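Below you'll find the structure, written out as structure tokens, and then a few comments.
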Amino acid sequence: MKKTISVNIKGVSFTIEEDAYELLQDYLDRLEKTLGNQDGSKEIIEDIEIRIAELFSERLSTSKTVVELADVEQILANLGKPEDFVEFDEEEESQNKKAYAESNPKGSEKRLFRDEENATIAGVCAGIANYFNMDVVIIRIIFVIILLFAGFGFPLYIILWIAIPKARNTIDRLRMKGRPITVENVKTEVEYAAEKVKDSSRRFAKKVDSSDYKRRISRGARIVSSIIGIGLIALGLTQLIAFLLVIIGGSQIIPVQSDAGFLSVTELGELLLSNPADVKWAWIGGLMVSLSMILFLFLLGSILLFHLRNRWGKLSLLGLFITGIVGVLICISVGMRTTRDIAIDAEIERLVGTVATNELVVLPQLQQLSDDQSYNIKSNGQFGLMTIDGDLIKEHGIEFEYIQSTDSMFHIYQNLSARSHTSTRAIAKSENIQHGITLLGDSLLVDTDYAFPKKDKLRDQDVVIIIEIPKGGQVKFKDQIIYLPEFSEQSGSEYRYYKESGYLRGDGRYRHHSTHRDWTERLDEIEDEVEDLGEEIGAEIEETFDNL
């Protein structure tokens, strides 16, 4: 028969034999004396008490309700003697802690916990890394890959966040790492944590103090930065795919008809840029801008997602930024040379013919698609910006302008224009424009497209048909009638202030619209301008006389 007493260990009541209690109390007193006033000693003792309470609970059952002396002796033997854990000198202690941080020996009670102390969001990845003894970066990369490509990475993370408990104390952290729960390991864990954060009390403070509020803010900031990082990585991945398809793969996405299909960006650049050297430098500059932007997004996203803080990351971002700026400057230089090549506009004009009639009929001539002349073309299926036909560039659509004739006849002019860096070259490019237009009686046959050599490049080549309409005359496009308003005999030369315009599309359809105002509106504006100018001159003269 033995005397028993009731004790309370960390909120849990136990019935324990008196001699077992005395042995336990002596152990705790010796542990407290051994640790003395070291940093974290209070937390070590509390964690040891928690572990003792857990071990007591494991040994009790419905048939055994009292903690016996043998139980206490076995538990304390497993925990180790307090006298064995005296202070090391600084060098030995530093080496022991370093070895502890780098090693992870297996234990008998390894469990999966969320490691919030090393968390980016909720500590799921850090906990899994501890459990499997892996680098946490690898686990995070796996989750990002699952998120981007499989699509269920985010819900999987939320499920694990809810299902996996967090490591609440030193005992849980030792279980998470698979280490035996002994006084030595508890002490080393507490000291390691204290060294890591430089303040052990903040590590083991309860959730009610102010440091918990700061941790929540910090954790919220980490979550936001992680979301931004994932977004930047996704944006970089999208740009990488577009870069590979459009630039490297040469995907034909420019809606320009040719024998080989649509045009790629590089092929369009060859039609816009002045010479092969500009094409090469534009390619180099574009490559530098694209690659630096993609790598910049990936690197910045990774820094925000994984909270990487090192000098090389910042230097890499700076290097990529400078590379992108250099690429932009190269592209600007090429663009300036191309702009110089379209600085001067030149026009040439020829009289197509003159006809005396009340109605001029315009007959659109669509591009012949075959040699078969047994049918009339109703629609030639033209679409896109232009067509590449061998060494010729064909553009679709002709502009029309209508002004008042100074006599009783129709006068038809063909106006051709182009741009270049000199007027001589611009005129030569205008002369190279090929456009068919023929006047047969009172019918005007007009091609719906025009062509020019590829060597002339795209230099704003254009064709405008100018038709002078006599008084009472009209122009007919299928079911559309174009005529100019009647003006009085006193209008005289002011007829030139009024004109209308239209556009003949490549498929033969015509759209008419007025682009200039009535000449009377222009006269009213001129009168107002003259009146304002007179008032200004009068005020200046009056001021001059006042000064005299």
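Tell me which residues, restricted to the stretch 405-452, are acidic (Asp, Glu) and under 30 Å from Glu486 (Cβ atoms). It would help to see each step written out before you state the result.
Keep residues of the stretch 405-452 that are acidic (Asp, Glu), which gives 407, 431, 442, 447, 449.
Of everything in the stretch 405-452, those that are acidic (Asp, Glu) and under 30 Å from Glu486 (Cβ atoms) turn out to be Asp407, Asp442.
For the stretch 242-298, the set of residues classified as modelled with pLDDT of 80 or more, in contact with a Leu (Cβ under 8 Å, 6 or more places away or on another chain) and more than 28 Å from Lys314 (Cβ to Cβ) consists of Leu271, Leu272, Val279, Ala282, listed by residue number.
Give the residues of the stretch 510-522 that are assigned to a strand (DSSP E or B) and either at pLDDT below 85 or among the small types (Gly, Ala, Ser) (or both), sorted by residue number.
Correct list: His513 only.
Within the stretch 387-426, the set of residues being among the hydroxyl-bearing types (Ser, Thr, Tyr) and either surrounded by fewer than 19 Cβ atoms within 10 Å (Cβ to Cβ) or modelled with pLDDT of 90 or more (or both) comprises Tyr402, Ser405, Thr406, Ser408, Tyr413, Ser417, Ser420, Thr422, Ser423, Thr424.
The values are calculated or read from the model by the stated rules, or taken from the named source; none is laboratory data. Small disclaimer: the values here were computed from a predicted structure and weren't measured. Because the Cβ atoms are built from the backbone with ideal geometry, glycine has one as well, and the counts that use them run over all protein chains shown.
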